[in-house]
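Engineer: Take this structure, written in structure tokens, and hold onto it; I'll ask about it next.
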């Protein structure tokens, strides 16, 4: 009898959780664009209300900051935009992550030369380029930063391979630390680091991109996270519990579907109704997953997924006839604010969703 009571209680609780999650609605704010630009993309928000990303002059259906046109990284707050500019000699920059201290890391590039430089920006600036590995031809990417200022990314090596690296600050200067690559894979690209200094990203086994696997690096040990049957995989984020978010292809999902890896293996999550593929954006410490999924007709819609409520289209959680199509959700703060990219009356635009109370 006790077990039956517990089971009934769990079922009722699960139903309440689903009902509550499904009822969540958001107000949507258009972030606008930096002066001199027309479009924007939000990559990350922190727990103090700051948002980072980039602005350029792309026109839908081109996604902002994905082509070789001029762009600037930004930091946005309720007071408006701050242009982070780019490193000297470059013409494009993108802010990837802002930590709760307001420190931004990202990439600055000379798109004509095809050279990329990891950067760190601390108020009031300017942007500072991060050192590369010896003989590495100047190529670096900085993709994430911890609360204590440890930066992760990758750097080219003297033999043309790519290694994950950490940067730490000492006596006013940043120093690079080579963490190498998954064994048997010469090219490793880091995407995120958590507060336990675990790193996730993608290892490429050949330079033709024919085989690539998500990895987890922890305390000097490498783990190939594997794939769905017959596919490839990549990782973009991990939370402080060590759960990794990414995507994998398979015979069922040749274009890829969002997956997460925990201590029990790889777990695919469904697409939105009518969808055939999905792409990851973020996983929170509470297990909320963000990203985008195709829907009937092939358009990309931003989603939020939880174990309790399942996959939800964020476009159905904002006011009707708002003029918005939310295409991708990038990040969620502890207060539930979500940032990402969409179109507002057909114009590329970064958005901020705020939960209605």
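The values are calculated or read from the model by the stated rules, or taken from the named source; none is laboratory data. Keep in mind that this is a model prediction, so the values were computed, not measured. When we count neighbours, we look across all protein chains shown, and the Cβ atoms used for this are built from the backbone with ideal geometry, even at glycine.
Engineer: Please list, ordered by first then second residue, the pairs with beta carbon atoms under 7 Å, 6 or more apart or interchain, first in the range 143-156 and on the phi > 0 side of the Ramachandran plot and surrounded by fewer than 24 Cβ atoms within 10 Å (Cβ to Cβ), second modelled with pLDDT of 95 or more and assigned to a loop (DSSP other than H, G, I, E, B).
Structural biologist: Short answer, once both residue conditions are applied: 149/103.
Engineer: Pick from the range 292-316 the residues that are surrounded by fewer than 20 Cβ atoms within 10 Å (Cβ to Cβ) and assigned to a strand (DSSP E or B): which of them is farthest from the chain's Cα centre (by Cα)? So that I can check it myself, show each step before the final result.
Structural biologist: We begin by selecting, within the range 292-316, every residue surrounded by fewer than 20 Cβ atoms within 10 Å (Cβ to Cβ); these are 294-299, 306-313, 316.
Then keep just the ones that are assigned to a strand (DSSP E or B); that gives 294, 306, 310-313.
Details: 294: 18, 306: 17, 310: 20, 311: 18, 312: 19, 313: 18 Å.
Top of the filtered list is 310.
Engineer: Could you list, in sequence order, the residues of the range 317-337 that are touching a helix residue (DSSP H, G or I) at 6+ places or on another chain (Cβ under 7 Å) and crowded, with 20+ Cβ neighbours inside 10 Å?
Structural biologist: First, the residues of the range 317-337 that are touching a helix residue (DSSP H, G or I) at 6+ places or on another chain (Cβ under 7 Å): 325-326, 329.
326, 329, listed by residue number.
Engineer: Just to be sure I understand, how many residues within the range 140-163 are closer than 11 Å to residue 116 by Cβ and within 21 Å of the chain's Cα centre (by Cα)? Lay out the reasoning, then the answer.
Structural biologist: Restricting attention to the range 140-163, the residues satisfying the condition of being closer than 11 Å to residue 116 by Cβ are 140-142, 153-156.
Okay, now just the ones that are also within 21 Å of the chain's Cα centre (by Cα), so 140-142, 153-155.
Number of matching residues: 6.
Engineer: Can I ask one more? Based on this model, can you work out whether residue 281 counts as surrounded by fewer than 19 Cβ atoms within 10 Å (Cβ to Cβ), at pLDDT 95 or above and under 25 Å from residue 335 (Cβ atoms)? Step through it out loud before you land on a result.
Structural biologist: Working: surrounded by fewer than 19 Cβ atoms within 10 Å (Cβ to Cβ): no; at pLDDT 95 or above: yes; under 25 Å from residue 335 (Cβ atoms): yes.
Spelling it out, it is not the case that residue 281 is surrounded by fewer than 19 Cβ atoms within 10 Å (Cβ to Cβ), at pLDDT 95 or above and under 25 Å from residue 335 (Cβ atoms).
Engineer: Looking at 44, 83, 123, 100 in this structure, which one is buried (at least 21 other Cβ atoms within 10 Å of the Cβ) and either within 22 Å of residue 172 (Cβ to Cβ) or at pLDDT 95 or above (or both)? Before you say what the answer is, go through the steps one by one.
Structural biologist: Working: 83 fails: buried (at least 21 other Cβ atoms within 10 Å of the Cβ); 123 fails: buried (at least 21 other Cβ atoms within 10 Å of the Cβ); 100 fails: buried (at least 21 other Cβ atoms within 10 Å of the Cβ).
The conditions single out 44.
Engineer: Hey, another quick one. Only one of these is without any contact (Cβ under 8 Å) to a residue 60 or more places away in the chain, under 24 Å from residue 42 (Cα atoms) and either touching a strand residue (DSSP E or B) at 6+ places or on another chain (Cβ under 6 Å) or in a loop (DSSP other than H, G, I, E, B) (or both): 326, 272. Name it. Give the derivation first.
Structural biologist: On the way: 326 fails: without any contact (Cβ under 8 Å) to a residue 60 or more places away in the chain.
Exactly one residue qualifies, and that residue is 272.
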